Amino acid sequence: MFQSVLRPGFRNIRRQKGFSIINIAGLTLGFTASLLIGLFVRDEQQYDKFNPGSENIYRVYQKMNGDVSNIIATSPPAFAVALKQNFGEVEEAVRVMAFNSKELIEANDKKLYEENGFLVDSNFFEMFSLHFRYGSAAKVFSDPKSIVISAAMAEKYFGKENPVGKELTLSKDVMRVQGVLENSEKFHLPLNFLISLNAAGYPADIMQSWQWYPFNTYVRLRNGSNADQLQAKFQSFSKPFLKGEGGTNVPYFQPLGQVHLYSSDFSYDMSIRGNITYVKALTIIAIFILLIACFNFVNLATSSALKRAREVGVRKTIGAGRKALVIQFIGETILLAAISMVIAVAATRLLLPSLNGFTEKSIEFDLISNPLVGLTLTALTLVVGILAGFYPALVLSSFQPVKVLKGSIVPDAAQGGRPWLRHGLVIIQFSLSVLLIISAIVVINQVRYMHNKDLGFRKKQVMFFPMRGENLQKSYASFKNELMGYPGIASVSIGYGFPGDAFGDGLMTVKEKPEVKPTRATQLMVDEDYIKTLGLKLLAGRNFSKHISSDVSAYIINETAVRELGLGSAEQAIGKTLSWPTWRKPDSLKTGPVIGVVKDFHYKSLHEKIEPSVLQIYPQAYSKVAVKISGSNIEPIIGKIKNVWNRYSPDYPIEYNFLDESFGKMYKGEDKLKTLLSLFTAITIFVSCLGLLGLAAYAAERRKKELGVRKVLGATVEGLVVLLSKDFLKLVLISLLLASPIAWYFMNQWLDNFPYRITISWWMFAVAGGLAVLLALLTVSFQTVKAALSNPVQNLRSE
């Protein structure tokens with residue numbers, strides 16, 4: 001049976017090389033794109049599935065003011081304590097806190113800064129069953145000086161040897177390695193090194209706080225517990241405590257399996273974040289590309305039916321039944337799909353390293369060790385083969401032998417009719433293509449807008465680095481003054497809360513407005529040169545002055561804070577008295593006047609709305625340095641800054657970046673979406689144009705005698721090209737009309753995720769339509785011009 005399918009199948013491929021190549025190319029592109037997308041999507045869906053009992057593990061997050069648009073991933077330390085002590089459904093509770101900055105690691109003459117360090121409760125490995133390469137989870141944190149590191153970090157500092165029991169220095173503190181974690185875990189936290197939370201030495205009262213929330217809190221519920229009921233009970237339980245501290249945050253439980261893909265809009269999230277919207281979009285694109293490739297086959301197979309009509313007539317005459325013919329033709333389609341799949345698998349293996357580099361993943365495509373992959377590919381080949389071949393098989397097998405052998409068959413449609421199916425499939429193909437073109441245009445313009453929007457401060461040539469070392473922390477004023485003495489350094493600011501970096505917040509109250517409830521505001525701990533260094537615009541009042549001692553109690557606020565605190569205009573806000581509970585002593589208030597109002601500026605990414613923010617002098621929190629460099633030759637200036645650094649902090653290498661680079665990295669996800677969408681849109685258009693090329697070739701072949709008659713009667717080449725092209729262009733224009741409202745709706749839905757967004761304009765649809773028409777015209781013209789230039793004598797010879 002297989003031989004009876006394969007032999008005619010290969011014979012048909014040789015006989016119709018052009019159509020076969022187009023079909024194989026289209027299916028290969030469809031398979032390759034779908035395989036790459038499928039591997040990426042599957043990898044995104046694997047996070048945290050390795051953990052036994054993960055269905056009972058939840059992360060506790062908060063909604064500020066109960067607002068779905070203002071979600072924070074972190075929680076106060078009191079959550080874990082209260083949940084474990086007061087709710088029998090909770091079997092285990094764990095707190096995790098990320099280090100605020102990179103930490104200096106020293107071992108074996110290597111001295112490097114490492115990120116992704118975490119402080120964890122001692123029962124961390126009882127909650128999460130991570131695999132150890134060396135050591136084990138048993139009592140790994142029994143010693144406060146213990147550290148667990150990743151396998152990648154172990155290889156970096158200790159090579160291939162087992163480092164358990166060896167020492168390394170963490171920010172000058174000697175630690176002993178007690179475990180090495182495998183690299184391959186699909187865990188939502190990017191663990192590089194872990195130390196016990198007990199080693200941090202936080203006072204007991206701080207660890208009972210309901211207001212300070214730098215922690216990820218996880219709970220494991222007992223089997224049979226209802227998470228929704230527990231969530232409602234804990235919301236009610238925590239309300240008095242939160243209300244006593246401003247009372248606006250509401251806790252919620254998030255299943256562990258949703259943390260990676262469903263947290264893209266969470267603030268203060270320390271996990272590796274995916275985006276379920278992008279995963280769904282890529283999945284839909286993969287389906288689009290496969291459908292377009294299948295439609296190509298249906299179109300080409302039905303349009304070229306005349307070439308196989310006599311074969312069908314002869315086979316029916318000698319006794320072949322319709323069922324046998326259907327099986328034969330579907331088998332041939334599966335053969336084409338199998339050839340395409342083999343090529344696609346080879347292409348996928350070649351392209352996978354590039355995909356891994358682009359997505360920063362380590363996706364594997366192993367057909368040998370994972371039989372499920374082979375079964376999936378086989379199933380996909382069969383499904384696509386049957387889907388693409390079923391209708392053409394019905395059409396071909398329906399031909400009547402008598403009519404076929406007399407040459408009276410009309411392959412396109414009934415006599416005098418239109419090929420509605422083929423036209424419909426072309427419309428669907430180009431509708432999907434236009435939909436993706438419009439989507440790509442919108443995404444590209446939104447990403448460009450995010451990169452180029454005026455942020456309200458000057459980010460160019462602002463060098464930014466953390467202060468390290470006890471001497472620098474004590475002598476930062478001298479360090480700053482020495483830097484200011486160099487030509488080429490316009491200004492220097494010391495503080496905490498520079499744009500693109502970490503921030504704190506706190507509740508602000510207005511003495512003159514007792515009716516205004518305490519308002520949470522971002523706290524920017526600055527010095528007198530913060531506004532000058534970043535180029536902020538003062539709308540009212542004045543800047544801080546080192547010559548006015550009372551400014552240590554004063555505040556400068558932004559426009560949003562003026563509105564939220566009910567202070568009227570910027571000018572009316574000057575002189576109003578604000579109070580803030582200090583971080584070091586929450587029971588004490590820092591009270592002082594508003595001396596200035598600055599224009600709103602985006603100190604966070606454009607994914608987040610500008611919040612009320614307060615600038616104040618608070619030296620206890622100073623930890624970062626920003627240096628504004630003037631002139632174009634910055635390398636010598638950087639060298640001078642390094643020299644000064646080495647005198648103040650010789651034990652710590654300087655580690656710096658620039659603010660514009662930091663902000664550029666904030667939109668890495670959108671940049672990748674733009675690239676992927678552009679790439680797959682191009683593939684979709686190319687596959688659609690392949691089908692259009694085949695149809696144009698067939699139309700030109702079918703109408704060659706008509707073209708010969710028209711040329712003899714005086715028709716011009718230009719007129720013949722228009723004649724052959726206009727039907728295809730009508731289909732493309734219909735596709736534009738169908739796709740435009742769909743694209744407008746879905747792209748508006750996507751843009752609504754951004755507080756600062758572009759507006760979808762008419763020109764985007766005009767560009768998409770023009771591009772689709774141009775590509776279709778170029779594709780069709782290749783065949784129509786060739787047909788129009790052909791010799792009419794050759795076309796009419798048989799007449």
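The values are calculated or read from the model by the stated rules, or taken from the named source; none is laboratory data. From a predicted model like this one, the values you see are computed outputs, not experimental measurements. Because the Cβ atoms are built from the backbone with ideal geometry, glycine has one as well, and the counts that use them run over all protein chains shown.
Just one of the listed residues (GLU89, GLU44, GLU114) is of a type in the set (D, E, K, R) and within 30 Å of PHE241 (Cβ to Cβ), namely GLU89. Screening segment 532-614 for strands (runs of 3 or more DSSP E) wholly inside it with 1 or more residues that are under 17 Å from LYS517 (Cα atoms) and in contact (Cβ under 8 Å) with a residue 60 or more places away in the chain returns the ranges 577-581, 589-598. If you filter segment 134-189 down to residues that are among the acidic types (Asp, Glu) and outside any loop (DSSP other than H, G, I, E, B), you find that the one that is nearest to ASN216 (Cα to Cα) is ASP173.
Give the residue that is surrounded by the most Cβ atoms within 10 Å (Cβ to Cβ), with candidates limited to residues of segment 116-133 that are out of contact with any Pro (no Cβ under 8 Å at 6 or more places or on another chain) and part of a loop (DSSP other than H, G, I, E, B). Within segment 116-133, the match that is surrounded by the most Cβ atoms within 10 Å (Cβ to Cβ) is PHE128.
Selection over segment 123-146 of residues that are farther than 18 Å from PRO163 by Cα and aromatic (Phe, Trp, Tyr) gives a count of 3.
Of the residues examined, PHE40 is not one that is at pLDDT 90 or above, assigned by TED's automatic domain parsing to the domain that holds ASN116 and hydrophobic (A, V, I, L, M, F, W, C). Would you check if there is a residue in segment 261-273 being in a helix (DSSP H, G or I) and surrounded by fewer than 19 Cβ atoms within 10 Å (Cβ to Cβ)? Among the residues of segment 261-273, not one is in a helix (DSSP H, G or I) and surrounded by fewer than 19 Cβ atoms within 10 Å (Cβ to Cβ), which makes the answer no. Considered as a group, the residues in segment 734-766 that are free of Cβ contacts under 8 Å to residues at least 12 places away in the same chain and not in a helix (DSSP H, G or I) include one that is farthest from VAL426 (Cα to Cα), and that residue is ASP752.
Across segment 605-628, which residue is modelled with the lowest pLDDT among those that are surrounded by fewer than 20 Cβ atoms within 10 Å (Cβ to Cβ) and of a type in the set (Lys, Arg)? For segment 605-628, the residue satisfying everything is LYS609. With respect to VAL164, is the statement that it is out of contact with any Asp or Glu (no Cβ under 8 Å at 6 or more places or on another chain), crowded, with 21+ Cβ neighbours inside 10 Å and in the same structural domain as MET207 (by TED's automatic domain parsing) true? For VAL164, the condition - out of contact with any Asp or Glu (no Cβ under 8 Å at 6 or more places or on another chain), crowded, with 21+ Cβ neighbours inside 10 Å and in the same structural domain as MET207 (by TED's automatic domain parsing) - is not met. Filtering segment 495-524 to residues that are assigned to a loop (DSSP other than H, G, I, E, B) and of a type in the set (Asp, Glu) leaves ASP501, GLU512, GLU515. Of all residues in segment 449-472 being among the polar types (S, T, N, Q) and modelled with pLDDT of 90 or more, which is nearest to LYS609 (Cα to Cα)? Checked segment 449-472; the qualifying residue nearest to LYS609 (Cα to Cα) is GLN461. Restrict the check to segment 245-253 and report whether at least one residue is buried (at least 19 other Cβ atoms within 10 Å of the Cβ), touching a residue at least 60 places away in the same chain (Cβ under 8 Å) and among the charged types (D, E, K, R). Scanning segment 245-253 turns up no residue that is buried (at least 19 other Cβ atoms within 10 Å of the Cβ), touching a residue at least 60 places away in the same chain (Cβ under 8 Å) and among the charged types (D, E, K, R).
Looking at this structure, is TYR113 in contact (Cβ under 8 Å) with a residue 40 or more places away in the chain, assigned to a strand (DSSP E or B), farther than 30 Å from LYS166 by Cβ and under 31 Å from the mean Cα position of the chain (by Cα)?
The answer is no for TYR113.
Pairs are defined by a Cβ separation below 8 Å, a sequence spacing of at least 6 or placement on different chains, a first member in segment 203-218 that is more than 24 Å from VAL259 (Cβ to Cβ), and a second member that is at pLDDT 85 or above and among the aromatic types (Phe, Trp, Tyr); no pair meets this definition. Taking (1) within 30 Å of ASN643 (Cα to Cα); (2) within 25 Å of the chain's Cα centre (by Cα) in turn, VAL447 satisfies each apart from (1). Filtered by the rule that a residue be part of a helix (DSSP H, G or I), surrounded by fewer than 15 Cβ atoms within 10 Å (Cβ to Cβ) and in the same structural domain as VAL625 (by TED's automatic domain parsing), segment 437-493 gives GLU470, GLN473, LYS474, ALA477, SER478, ASN481, MET484. Counting the residues of segment 128-181 that are without any contact (Cβ under 8 Å) to a residue 24 or more places away in the chain and closer than 30 Å to GLY53 by Cβ gives 3.
Condition test on ALA776, is it in contact with a Leu (Cβ under 7 Å, 6 or more places away or on another chain), under 22 Å from ILE287 (Cβ atoms) and modelled with pLDDT of 75 or more? Criteria not met by ALA776. For the subset of segment 210-224 comprising residues that are out of contact with any Lys or Arg (no Cβ under 9 Å at 6 or more places or on another chain) and buried (at least 17 other Cβ atoms within 10 Å of the Cβ), which member is nearest to SER75 (Cα to Cα)? Applying the filter and picking the extreme gives TYR213. When residues in segment 639-659 are screened for being surrounded by 16 or more Cβ atoms within 10 Å (Cβ to Cβ) and part of a helix (DSSP H, G or I), 6 of them pass. Of the conditions (1) closer than 30 Å to VAL434 by Cα; (2) among the aliphatic types (A, V, I, L, M); (3) modelled with pLDDT of 90 or more, VAL598 satisfies every one except a single condition; which number is it? For VAL598, the exception is condition (1). When each of ILE292, ILE287, ILE330 is tested for being modelled with pLDDT under 90, surrounded by fewer than 15 Cβ atoms within 10 Å (Cβ to Cβ) and assigned by TED's automatic domain parsing to the domain that holds GLY385, the lone residue that passes is ILE287. Remark: LEU325 matches the filter, which requires a residue to be at pLDDT below 85, over 21 Å from GLY26 (Cα atoms) and touching a Lys or Arg at 6+ places or on another chain (Cβ under 7 Å).
The single condition from (1) over 18 Å from VAL96 (Cα atoms); (2) surrounded by 19 or more Cβ atoms within 10 Å (Cβ to Cβ) that GLN229 fails is (2).
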